[in-house]
Each structure stands twice: as structure tokens, then as C-alpha cells.
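The structure under discussion appears below in the form of C-alpha cells.
The values are calculated or read from the model by the stated rules, or taken from the named source; none is laboratory data. These numbers come from a predicted model, not from an experiment. Don't worry about glycine lacking a Cβ; one is built from the backbone with ideal geometry, like all the others, and counts go over all protein chains shown.
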């Protein structure tokens, strides 16, 4: 079993650890790629939910941040004066959310997305008397079949509606495509852009995103901005895709063996409330670093089951470090995580500022 460093051995578990040195390396890797290809970077903070990490991303060259919910954006802006440019990639619906959105727009440069006239009408009714118009991008479905207008002509029509709506200004086009869909993004966005520009409406931003395909982002040259999220931490799902290696995984879960009821089986104190039950097409619930022979084959809320084809070689009290299947969910499971690396001699407890911000 690989040794657990002395500064981690005494940590109460389960604990979520973030290695800032690895995170910095991950940030710089994509920022370098983006600079080489003329792409602006607007990372999605749903992965880390930490103003500190957003500041690291901006210091490396990111132009701003992406958030998914109004409350998430509020927490990040409140947490750092350095965060001044926010894109919320979610349809904002409902009077309470719209009122909070309007208040947030007084504090930062804000843009949002819409994929229907209903969403546009709500935004316009809220911002029609605002001092500055709200930038609204058309969300486009380039193959993920979640939100988004279905074809370039629909994008063109909605862009025209935004351009004509009181209190709004057309901000561009946005998509979250499936991995490996650069050709589809290029086709859709090029056609939509041409149609909109034929109306004499500028298309200032075309923004795409997704960590699995981020190193192929330049294969859709129509895209001007990219929004990677998980890249800052990486996780087992990305290792399985060949996007990164275990040494590139900045977030791990430290767990303690609490039972060894059989020679080939051990139980740890990290279950679905620490590791997430997300599978993302994988078998098992995480990777035990240094032990390729071990599978985490079952989770209950507070227990994780480790199994091996041979002797598991663990004893009660041993600690293991696990790369979870999906880092983004794990971030939202804990109030506090521990920062390591970056010259810290001991782990530094840090509150997950935007945790639980779902409205």
C-alpha cells in the first residue's frame, strides 16, 4: 500500500483534498492551448465552487467565469472582488430569480442564455428599465439534446427577438456539445452566425465548452470562447477517456478502513455522501490510488466496499486516497475541503463557498 504522507495521516475522514499544485498545472495546460489557438477561456466554476480557484484561473488568463445558477454566481461574486465578468448558462425563469439577476447585474458584467421567447420575454420585462441592457446569448443544441434551439434558423429567429427586446442586447451563441462534436458545432454555429449577420446583427461571442474535448476545441474555429469545468481537478471519468492521468487528478477523497470482514474485502468510511453514486458509464465508484487491483464495487450512504481478486492487504485504521468518478458532485457534498500543496506545510481547511447554491 502506498504511504500516506505524515501531514495527511492524522486527518479525520472522510475528507476531500485538493492539491493546488496539480490544479495550477491543469489550469495552465489548457490556458496555454487556448492562447495558442486564439480562444478566450471562461471556466465553469461548478467543479470547484471556490473564489480562490476562480482567481487562479483568471490570473492565468481566463476572461471571467461561467456559473450555472444565480445563487452560485451571487456566492462567487460576494466571495471575490476579482470576479467581475459572469456568464450564467441556464434559462432564468421566475420572478424571484429574475429580481436577483437584476441586482447581480449592478455588481458585475453579466450575461445569460435563453432558448425560447418565453425566457426572453421574462428577461426583457425585468431589464426594460435597467440602466444597462442585459446581454443574452442564444443557447443552441449541437447534439446533447438537453436545452437549446434545435437548428440554426431557430437560433437566428431568437437572436432577432433578443435584439428587438427592450432592456436586452444580443450577446452571441452558446452551446454545450457532446464530446467529440467539434464538426457539428462548426456547422451549426457557422450557419447560425451567417444568418444573424445577414440581419446586420453582430455575433460578438460564440461560446462552447466541455473538458473531455477541450484539447480539440480549435477543431471548431468558429468558436471564440471555451468553458471547461472539470479540467481544473480532473477525475476518474476523464482518466478513463484518456484526457488525463492519475497524476493530473487534483481532487481526491481520503478515507479510513473501518472493517476488514474478509480476506478480499474491506469497508471504508466514505460512501455515497463522500464519493457520489455517479457512474458516468464506469464500473465501480472510484479509483484507489496505488491499488489497481482494488475495486469500489458498492456504496451505501456512509460505507464504501473495497474488493480485490486476491488478498486485499488492508487493516483497520489504514487510509486510502480515492479519485472519484465525478469530481464536480463531490465538491458539492462537503462544507469544507482541505487544500494541500502550493507551499502549505499542513492542509488548509477551506469552505466551499458556492456549495448547495441550486437556485
Check your understanding: Scanning for something modelled with pLDDT of 95 or more and not in a helix (DSSP H, G or I), does segment 69-80 turn up at least one residue?
Key -> yes
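For segment 287-359, list the strands (runs of 3 or more DSSP E) that sit wholly inside it and hold at least 1 residues that are farther than 20 Å from residue 250 by Cα; which are they?
Passing ranges, in order: 294-299, 304-308.
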Revision key, fill the gap. Only unsatisfied item for residue 344, checking (1) under 25 Å from residue 75 (Cβ atoms); (2) within 23 Å of the chain's Cα centre (by Cα), is (2)
Exercise for review: Go through the residues of segment 160-175 one by one and say whether even a single one is assigned by TED's automatic domain parsing to the domain that holds residue 65, closer than 30 Å to residue 26 by Cβ, under 17 Å from the mean Cα position of the chain (by Cα) and in a helix (DSSP H, G or I).
Suggested key: no
Point to revise | segment 41-71, residues that are farther than 19 Å from residue 226 by Cβ and in contact with a strand residue (DSSP E or B) (Cβ under 8 Å, 6 or more places away or on another chain) | key: 50, 52, 69, 70
**Study point:** Hits in segment 149-172 (condition: under 27 Å from residue 129 (Cβ atoms), touching a helix residue (DSSP H, G or I) at 6+ places or on another chain (Cβ under 8 Å) and free of Cβ contacts under 8 Å to residues at least 40 places away in the same chain)
**Key:** 169, 170
Exercise for review: Select from segment 210-222 the residues that are part of a loop (DSSP other than H, G, I, E, B) and under 19 Å from the mean Cα position of the chain (by Cα) and list them in ascending order.
Suggested key: 210
Point to revise | Filter result for residue 153 (surrounded by fewer than 16 Cβ atoms within 10 Å (Cβ to Cβ) and within 22 Å of the chain's Cα centre (by Cα)) | key: no
Review point. Inside segment 20-56, can you point out the residues that are part of a strand (DSSP E or B) and either surrounded by fewer than 22 Cβ atoms within 10 Å (Cβ to Cβ) or at pLDDT below 95 (or both)?
Key: 40
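The rows are residues; the columns are (1) surrounded by 16 or more Cβ atoms within 10 Å (Cβ to Cβ); (2) over 27 Å from the mean Cα position of the chain (by Cα); (3) not assigned by TED's automatic domain parsing to the domain that holds residue 273.
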position	(1), (2), (3)
312	yes, yes, no
332	yes, no, no
338	yes, no, no
359	no, no, yes
Check your understanding: Which is more than 25 Å from the chain's Cα centre (by Cα), assigned to a loop (DSSP other than H, G, I, E, B) and in the same structural domain as residue 221 (by TED's automatic domain parsing), of 200, 121?
Key -> 200
Review point. Among 253, 239, 260, which is the only one that is surrounded by fewer than 22 Cβ atoms within 10 Å (Cβ to Cβ), part of a strand (DSSP E or B) and in contact (Cβ under 8 Å) with a residue 40 or more places away in the chain?
Key: 260
Review point. Does residue 232 satisfy the condition of being within 24 Å of residue 136 (Cβ to Cβ), crowded, with 18+ Cβ neighbours inside 10 Å and either at pLDDT 95 or above or under 23 Å from the mean Cα position of the chain (by Cα) (or both)?
Key: no
Revision key, fill the gap. Filtering segment 68-79 for residues that are free of Cβ contacts under 8 Å to residues at least 60 places away in the same chain and buried (at least 24 other Cβ atoms within 10 Å of the Cβ) leaves a count of 1
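Given the criteria assigned by TED's automatic domain parsing to the domain that holds residue 331 and either under 20 Å from the mean Cα position of the chain (by Cα) or not in a strand (DSSP E or B) (or both), does residue 13 qualify? Spell out how you get there, then give the answer.
Details: assigned by TED's automatic domain parsing to the domain that holds residue 331: yes; either under 20 Å from the mean Cα position of the chain (by Cα) or not in a strand (DSSP E or B) (or both): yes.
Judged against the criteria, residue 13 is a match.
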